[in-house]
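**Q** Below are the structure tokens for one structure; questions will follow.
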Amino acid sequence: MKRGIALLLVLALLLGEAGCLAGFGAKREYAVDLIVKGTNMDFWKSVNEGAQAAASDYRAAVTMTGPAIEKDYRQQAGILKDSVARRPDAIVLAAADYEKMAQPVQDAIDAGIPVVMVDSDVNNSRTAAYVGTNNLALGRTLADRLCRQIKGSGEVGIVSFMQNSYPAIQREKGFRDAISANRRFTVLNTVYGYSDSAQAEKVTEELIARHPKLKAVAALNQWSSEGAARALSKLGRKDVRLFAIDCSPELAMYMEEGVLSMVLLQNPYQMGYDSVETACRCLRGEKVGDKFTDIYSVDITTLFDDKYEQLIFPFES
Amino acid sequence: MPRPTRIFRRARGVPKRLPPFRWNSLWMLTAAVTLGISLVAVLAITKIVYAHANQTINQSIEQSNAQIDSNVASSIDQYVHEMVSISDSVANLLNEFPAAELNRRLFVFLREDIETIAVFDRSGTPLVATDNRAMRSDISVTQQSWFTGASTSGRRYLISQPHVQRLYRGEYPWVITLSRSVSWVQNGSKHYGIMIVDMNFSRIKYLCSRDLESGGYIYITDQMGDVVYHPKQQMIYAGILPKDAPPEENLSEGSSVVDGRGGKLAVCVKTLSNAAWRVIGVTSMNGLATYDGGPDTYVEVAILLLAAAILAGSLFISRQMVQPLHNLMTLMGRVSKGEETAPAPVTGIYEAGRLGDSFNRMVTRIRQLMVQVRTEQEQLHRSELKTLNAQINPHFLYNTLDSVVWLAQSGDEKRVVQMVLALSKYFRLSLSGAKDFITVGEELQQVENYLIIQKMRFGDSFTYQITCENGVRSAKTPKIVLQPIVENAIVHGVGTLSEGGKIAIAAKRTGEELEFSVRDNGCGIKPDVLAHILERNPSSRSGIGLKNVHQRIRLACGQEYGLKVESELDEGTTVRVRLPLHYDAPRKGGAG
């Protein structure tokens, strides 16, 4: 008797819920926290724009948080912990440190929140997916372009940004592997600019001083590239070719002036969009996997193409 | 003696508890059906209301979309118009002042949203500029599309796509360039050149960045369909086509509704009057779904409460409907078990009332039939009784008459007279009208007459003694109870003795009962015969008198009364007769 009424009640509740769904036909919003490495940086602003575009397509609410500028991983770990406490549906994270963020990420996953890695991966196999540039391929492509454009043989320098940054390690590895396959060039010991243009300029000057016959320099991120370009411009060494990853208006100027031979562009907007899309699809229960975003190779002939202009020159707002 | 009927004595009320649960019961069926119908109705109404709200909201979306779009279009129009006016003023000044002089005067036109105003001669050499920064010499001005466009097109002015301007070293502002051919007279000769006004793109962007209602957006194309401004430009470059992008071929001036990939879109196209641009506003017509995803919690709670209320209501209503039937069912169950019940209610729901009424009639009819059957059965018993009585009388009469004949033959007149007298008295009592019950005194008198007759017949070979307790003499007893027993005692008991036989007859009160006892000291009855002596067995002729008496008593007074025979071989037999103690003859016949 009681069981029967309980069954009927359950039936009624199901029908009621079905009524809710049939009547309103809309899915709930997902709350997604986007934790980046520096909210004031153009790159991450662009990631956020892409993320917001995906948010409106997938009916999600994306909140960007993170330190204002790229700093120690500890600050990001604290921000991640605060985010977990707010219990968003998913977290999209650009790890400040490949190893040291592994545990905080594990804590988030243990709290039942799926974590999608964007741009910078973390040493944790239980993240939902990685969305961003294939840094190994990025390094390889850079080496490939370099080999194609420079005849003969000689020494090649690398200006990287962090010893223990996973993207830096991957880019360098890809670059070195591809270069050594070519056998024409000797790759020198890597110097580090620590994501600071002035520091990168200094180490590049030192590098050139140590190796006057340097044929080319590969700079592995925007600040390394800017520093290297400034150093080369200051020294007037147009014979040393600069191959860079990421571009800025300053670098565009150096390219126009012939200091910078080629840049590889990443697509932060796409990273933002795809990472949030991946997070939402994961929340919907779909199977998601890693996704590599586009890489564009730009030189002076294509610098002002519509397609790249917006990636290089940010709108002033 | 018939037992009084008790059918209507103790009535039990109508049952009030819930009927036991059965899936296939009418209650559950009715509940499920009402529930189903109500929910279907609620869903249908919700759907209709929802569709109506959707339509209304979509209409308002379309209207507000068109409104905002035309507002934005007129703002941009006005803005471009301002820029054109500025260029007009500068063009006029060119006629009044030499280039060097003009450089100092142009600053009045500088505003935050104007990047540069400059005039180039036909070879691309800058003549006039708003500020003193050195223009780059490494770019060929004459190759720029704004330069070539203005010099070749027949239009008064040209508005470029947004682009990165590279006039100064290291500066890459996003601008929209208004360029036009200008001519001025200086020192009597006419000069031709190109003037540009670089408008900061952020201004246009700001004008367009007004969000339309419900996630809509505004974008601008030129007449060729190339995008001038699109809030999701990067998305398009990244190869992700926005879901709500309207198909290009469906764009026509004014407000319309088109089918996009993600559903219906409200699209409003407004062509600017002085720029060759089209301002296009796009909004998804998602109706209610536009607003914040799913339903609010309170709506959900309300719907769940409604569902619960419908459930409770359907259970209650169906119970109300089924309850009378269930009551009737319980009553029928009781009646079928032979219990007494109250009549079924005939008020309330019409059908159930009619059913109850019919049921009551049926029960009444059954009871009448039961009474009738009982009456008929009693009549049958009485006739059987009469037959038994009739059986006794001739039997005894023949024997006595035989004795009289025998006495008469022996010439003993005195004893013949005595016997005939006793016989006469005996029959006077036996045939005392239709009365089935006589007093104990009469019965004892009767049996004494019989004993007188029999004692003579058996040649005084036995003696008898009759005792009667005070107060039972006037009690009532069925007639001719003792005579067959005494006959049996004589024939099978003392009759077999040559002399010294004794028969003791007593009547006494035992509790609420009357007890006769007939004791003889005859040869007794064999145990195997004794065991079955009172059973109704047509094949056995022995003790037929005892059986008759026993049956008659049980028929007339009830199953608990009757005879009890105790006997021991060569010691004697005692027959006890148990009867109800009455002083009035019981009513004849059964109930009714």
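The values are calculated or read from the model by the stated rules, or taken from the named source; none is laboratory data. Keep in mind the model is a prediction, meaning the values are calculated, not measured. Using ideal geometry, Cβ is built from the backbone for each residue, glycine included, and neighbour counts are taken over all protein chains shown.
**Q** What do you reckon, is B:V84 β-branched (V, I, T) and under 30 Å from B:T221 (Cα atoms)?
**A** yes
**Q** State all residues of the stretch B:134-143 that are outside any loop (DSSP other than H, G, I, E, B) and within 14 Å of chain A (Cβ to nearest Cβ); if no residue qualifies, say none.
**A** B:Q143
**Q** Then there is this: Does the stretch B:144-160 contain at least one residue that is small (G, A, S), surrounded by 20 or more Cβ atoms within 10 Å (Cβ to Cβ), in contact (Cβ under 8 Å) with a residue 40 or more places away in the chain and more than 14 Å from every other protein chain (Cβ to nearest Cβ)?
**A** yes
**Q** For the stretch B:484-537, which positions are touching a Gly at 6+ places or on another chain (Cβ under 8 Å), closer than 15 Å to B:K564 by Cα and surrounded by fewer than 17 Cβ atoms within 10 Å (Cβ to Cβ)?
**A** Of everything in the stretch B:484-537, just one residue is touching a Gly at 6+ places or on another chain (Cβ under 8 Å), closer than 15 Å to B:K564 by Cα and surrounded by fewer than 17 Cβ atoms within 10 Å (Cβ to Cβ), namely B:V529.
**Q** Hey, could you check the stretch B:472-483 for residues that are more than 24 Å from B:R415 (Cβ to Cβ) and modelled with pLDDT of 85 or more and say which is surrounded by the fewest Cβ atoms within 10 Å (Cβ to Cβ)?
**A** The residue in question is B:S474.
**Q** Can you list residue pairs whose Cβ atoms sit under 7 Å apart, with the first residue in the stretch B:309-320 being in contact (Cβ under 8 Å) with a residue 60 or more places away in the chain and the second being of a type outside the set (A, V, I, L, M, F, W, C) and assigned to a helix (DSSP H, G or I)? Count only pairs 6 or more apart in sequence or on different chains.
**A** The qualifying pairs are B:I310/B:S38; B:S314/B:T34; B:S314/B:S38; B:I317/B:T34; B:S318/B:T30; B:S318/B:T34.
**Q** Being over 10 Å from A:D33 (Cβ atoms) and charged (D, E, K, R) is the filter here; which residues of the stretch A:59-86 pass it?
**A** Within the stretch A:59-86, A:R59, A:E70, A:K71, A:D72, A:R74, A:K81 meet the criteria.
**Q** How many residues, within the stretch B:398-426, are free of Cβ contacts under 8 Å to residues at least 12 places away in the same chain and within 30 Å of B:L514 (Cβ to Cβ)?
**A** 2
This table checks each residue for (1) surrounded by fewer than 21 Cβ atoms within 10 Å (Cβ to Cβ); (2) modelled with pLDDT under 65; (3) within 12 Å of chain A (Cβ to nearest Cβ).
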| residue | (1), (2), (3) |
| --- | --- |
| B:R261 | yes, no, yes |
| B:A275 | no, no, no |
| B:M285 | no, no, no |
| B:G293 | yes, yes, yes |
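**Q** Name, by its number, the condition in (1) surrounded by fewer than 18 Cβ atoms within 10 Å (Cβ to Cβ); (2) within 14 Å of another protein chain (Cβ to nearest Cβ); (3) aromatic (F, W, Y) that does not hold for B:F109.
**A** Condition (2) is where B:F109 drops out.
**Q** What number goes with the only condition from (1) out of contact with any strand residue (DSSP E or B) (no Cβ under 9 Å at 6 or more places or on another chain); (2) aliphatic (A, V, I, L, M); (3) within 19 Å of B:Q144 (Cα to Cα) that B:I176 does not pass?
**A** Looking at each condition in turn, B:I176 falls short on (1).
**Q** Check A:V116 against each of (1) crowded, with 24+ Cβ neighbours inside 10 Å; (2) in a helix (DSSP H, G or I); (3) not small (G, A, S) and name the one condition it does not meet.
**A** Tallying (1) crowded, with 24+ Cβ neighbours inside 10 Å; (2) in a helix (DSSP H, G or I); (3) not small (G, A, S), A:V116 fails exactly one: (2).
**Q** Go over the candidates A:L138, A:L146 one by one and state the one that is hydrophobic (A, V, I, L, M, F, W, C) and within 17 Å of A:N267 (Cα to Cα).
**A** A:L138
**Q** Taking B:S60, is it within 60 Å of the chain's Cα centre (by Cα), more than 14 Å from chain A (Cβ to nearest Cβ), under 30 Å from B:I220 (Cβ atoms) and not acidic (D, E)?
**A** So B:S60 passes the test.
**Q** In the stretch A:229-274, how many residues are more than 14 Å from chain B (Cβ to nearest Cβ) and either touching a Gly at 6+ places or on another chain (Cβ under 8 Å) or of a type in the set (S, T, Y) (or both)?
**A** Residues that pass the stated criteria total 2.
**Q** Of the residues A:R230, A:R281, which single one is within 30 Å of A:Y73 (Cα to Cα), among the basic types (K, R) and under 21 Å from the mean Cα position of the chain (by Cα)?
**A** That would be A:R281, the only listed residue that is within 30 Å of A:Y73 (Cα to Cα), among the basic types (K, R) and under 21 Å from the mean Cα position of the chain (by Cα).
**Q** Could you list all residues from the stretch A:279-314 that are outside any loop (DSSP other than H, G, I, E, B) and of a type in the set (S, T, N, Q)?
**A** A:S297, A:Q310
**Q** If a residue has to be within 12 Å of chain A (Cβ to nearest Cβ) and either among the aromatic types (F, W, Y) or surrounded by fewer than 22 Cβ atoms within 10 Å (Cβ to Cβ) (or both) to count, how many in the stretch B:166-190 make the cut?
**A** Within the stretch B:166-190, residues that are within 12 Å of chain A (Cβ to nearest Cβ) and either among the aromatic types (F, W, Y) or surrounded by fewer than 22 Cβ atoms within 10 Å (Cβ to Cβ) (or both) number 8.
**Q** Here's another thing I want to ask about it. Given (1) of a type in the set (G, A, S); (2) farther than 29 Å from A:Q270 by Cα; (3) within 60 Å of the chain's Cα centre (by Cα), where does B:S189 come up short, assuming only one miss?
**A** Of everything listed in (1) of a type in the set (G, A, S); (2) farther than 29 Å from A:Q270 by Cα; (3) within 60 Å of the chain's Cα centre (by Cα), B:S189 misses just condition (3).
**Q** Pick from the stretch A:245-278 the residues that are surrounded by fewer than 21 Cβ atoms within 10 Å (Cβ to Cβ) and among the charged types (D, E, K, R): which of them is farthest from the chain's Cα centre (by Cα)?
**A** That would be A:E257.
**Q** For the stretch A:27-81, what are the residues that are among the small types (G, A, S) and within 13 Å of chain B (Cβ to nearest Cβ)?
**A** A:A31, A:S46, A:G50, A:A51, A:A53, A:A54, A:A55, A:S56, A:A60, A:A61
**Q** For the stretch A:209-222, state whether one or more residues are surrounded by fewer than 22 Cβ atoms within 10 Å (Cβ to Cβ) and within 14 Å of chain B (Cβ to nearest Cβ).
**A** Within the stretch A:209-222, not a single residue is surrounded by fewer than 22 Cβ atoms within 10 Å (Cβ to Cβ) and within 14 Å of chain B (Cβ to nearest Cβ).
**Q** Do you know which of the residues in the stretch A:290-305 that are of a type in the set (D, E) and out of contact with any helix residue (DSSP H, G or I) (no Cβ under 8 Å at 6 or more places or on another chain) is farthest from the other protein chains (Cβ to nearest Cβ)?
**A** Checking each candidate, the answer is A:D290.
**Q** With the structure loaded, tell me whether B:D244 is surrounded by 20 or more Cβ atoms within 10 Å (Cβ to Cβ), under 24 Å from B:Q63 (Cβ atoms) and modelled with pLDDT under 75 or whether it fails that test.
**A** yes
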